[in-house]
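Worksheet for the structure shown next.
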């Protein structure tokens, strides 16, 4: 995410519960992916978990982007 998008996100999140929630989940997913990516030989269950987290993170990011676009008037 670019700096201007992050600035907009932070300013809007103060009064936007959904955006604040989505951003918190996004950061938690990043942390989880970082932890799982550090596993040298992930098990099948870990690989499935990585895929699931990536999909949920992408859906959240798409929603965040839609909210930011709506506030920009795009």
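The values are calculated or read from the model by the stated rules, or taken from the named source; none is laboratory data. All of these numbers come straight from a predicted model, not from anything done at the bench. Here the Cβ is made from the backbone with ideal geometry for all residues, glycine too, and neighbour counts use every protein chain on show.
If the condition is being assigned to a helix (DSSP H, G or I) and either more than 28 Å from residue 72 (Cβ to Cβ) or in contact (Cβ under 8 Å) with a residue 12 or more places away in the chain (or both), then region 2-30 contributes 5, 8, 9, 12, 18, 19, 22, 23, 25, 26, 29, 30.
Residue 48 satisfies every condition listed in (1) modelled with pLDDT of 95 or more; (2) touching a helix residue (DSSP H, G or I) at 6+ places or on another chain (Cβ under 6 Å) except (2). One residue stands out in region 31-42 among those that are outside any helix (DSSP H, G or I) and in contact with a helix residue (DSSP H, G or I) (Cβ under 9 Å, 6 or more places away or on another chain): the one that is surrounded by the most Cβ atoms within 10 Å (Cβ to Cβ), namely 42.
Using the structure shown, decide if residue 53 is out of contact with any strand residue (DSSP E or B) (no Cβ under 6 Å at 6 or more places or on another chain) and touching a residue at least 40 places away in the same chain (Cβ under 8 Å). Judged against the criteria, residue 53 is not a match.
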